[in-house]
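Enquirer: What follows is a structure written as structure tokens; I'll ask about it next.
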Amino acid sequence: MNEKPDFSKNANRASTAPAFLSVWDMHSYYGESYIVQGVSFNVHEGEILALLGRNGAGKTSTLRSIARVGEPEVRHGEIWLDHQPLHNMTSYEAAAAGLGLVPEDRRIIPGLTVEENLQLAQIAPPIGWSLERLYELFPRLGERRKQEGITLSGGEQQMLSIARALARDIKVLLLDEPYEGLAPVIVDEIEKTLIHVKQQGMTTIIVEQNAVRALELADRAIILDTGSIVFDGAANEVLEDTNLREEYLAI
């Protein structure tokens, strides 16, 4: 388990600086089902972290716990983002503090165009991600800005869901199964976008069943098994460790 991070605003900001996002001893439940069992980890600003594991390992539950979405219920632990404590916040407050969750089902709003979906999410005035900048990042969305969002292809809907999160000028992007059901060429396009936003300083956590693609994208990887962390290290270590991949990822 990681040492408890220093959350002080005045902490040394050198190589030993506190993490941008810190999760400490988090325990989460669905009713009486104990799902996330004492998870602790740090994510540094601008880092891409792959959160991996077999089905049922607790990946999505960990992501949802960080985002404070209500279920699972976090009954113990601390979550800090850029010196702000999130563990007592509602999902709305955590989102306002800078968390952007892109759920697996994308949740495009019916009846609204691409542009209206983005405008609804966008803060006013936009600080970092104007509509023009989002359309530069996702040219397909610019071409379809007047098209109803739910009529887009699956890949385009995923792009819209990511763009909608960025439109709120978030600090951390939380992606739940972003490659699910998408053709490899679309996955390539989304990965290029994620690399671009990383270069702009975005911090990202990605939960993905396509572990190899996620590992090739990520700086670091955490592997969960039955709600607990069994590996926390460089992503390339997992790619190079056949035994680790076979035991915990079945690849």
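No lab work stands behind these numbers, since they all come straight from the coordinates. Since we're looking at a predicted model, the values are computed, not measured. When we count neighbours, we look across all protein chains shown, and the Cβ atoms used for this are built from the backbone with ideal geometry, even at glycine.
Enquirer: Within the range 174-251, what percent of beta bridges assigned by DSSP are antiparallel, to the nearest 5?
Expert: The antiparallel proportion sits near 65 percent.
Enquirer: Now for a different question. Looking at the chain as a GNM with Cα springs under 10 Å, which of M26, M159, M89 has the largest mean-square fluctuation?
Expert: Checking each option, the largest mean-square fluctuation is seen for M89.
Enquirer: Let me ask another. For q = 0.15, 0.19, 0.27 Å⁻¹, what log10 I(q)/I(0) does the range 45-106 give under the Debye formula with an equal point scatterer on each alpha carbon and no solvent?
Expert: -0.48, -0.78, -1.36
Enquirer: In whole angstrom, note down how far apart the Cα centers of the range 59-96 and the range 174-210 are.
Expert: Going from one Cα centre to the other spans 22 Å.
Enquirer: Moving to a separate point now. Over the chain, with a Gaussian network built from C-alpha contacts below 10 Å, which listed residue (V39, V230, V114) shows the highest mean-square fluctuation?
Expert: It is V230.
Enquirer: Please work out whether the range 91-195 counts as rounded, prolate or oblate from its C-alpha gyration tensor, where a ≥ b ≥ c are the square roots of the eigenvalues and a/c under 1.5 means rounded, while otherwise a/b larger than b/c means prolate and anything else oblate?
Expert: Rounded shape, in that the Cα axes give a/c under 1.5.
Enquirer: Now for a separate question. In bins 10 Å wide, starting from 0, what share of all Cα pairs of the chain does each bin hold, as a percent?
Expert: 7, 31, 37, 21, 4, 0
Enquirer: If we restrict to alpha carbons, what Rg and Dmax does the range 140-251 come to, in Å?
Expert: Values for the range 140-251 (Cα only, Rg and Dmax): 15.5, 50 Å.
Enquirer: Sort L249, L118 so the one with the fewest other Cβ atoms within 10 Å of its own Cβ comes first.
Expert: Ranked by crowding around the Cβ, least crowded first: L249, L118.
Enquirer: Something else now. For a quick check of your reading of the filter: which GluC sites (Glu not before Pro) in the range 197-245 sit in a DSSP loop and have no more than 15 other Cβ atoms within 10 Å?
Expert: Answer by residue number: there is no such site.
Enquirer: Positive end of the dipole of the range 69-176, charges at C-beta (+1 Lys, Arg; -1 Asp, Glu), about the Cα centre: which of S91, V102, G149 has its Cα farthest in that direction?
Expert: G149
Enquirer: Assigning unit charges at the beta carbon (Lys, Arg +1; Asp, Glu -1) and nothing else, what dipole magnitude in debye, to the nearest 20, does the range 22-69 show about its Cα centre?
Expert: Rounded to the nearest 20 debye, it is 200 debye.
Enquirer: How high is the relative contact order of the chain, in percent, with contacts defined as C-alpha pairs under 8 Å that are six or more residues apart?
Expert: Reported as a whole number, the value is 25 percent.
Enquirer: I'd like the Karplus ³J(HN,Hα) series for the range 60-68: coefficients 6.51, -1.76, 1.60, θ = phi - 60°, whole numbers in Hz, and an x wherever there's a Gly or Pro.
Expert: 5, 4, 5, 4, 5, 5, 4, 6, 6
Enquirer: Right, another one. As a footprinting exposure proxy, order I109, I222 by other Cβ within 10 Å, with the fewest listed first.
Expert: Going from least to most buried by this count: I109, I222.
Enquirer: Still on this model: Can you compute the charge dipole magnitude of the chain about its Cα centre, using +1 on each Lys and Arg Cβ and -1 on each Asp and Glu Cβ, nothing else charged? Give it in debye, rounded to the nearest 20.
Expert: So the magnitude is around 660 debye.
Enquirer: Suppose a student asked you for the relative contact order of the range 114-241, using Cα pairs under 8 Å spaced at least 6 residues apart; what percent would you report?
Expert: 21 percent
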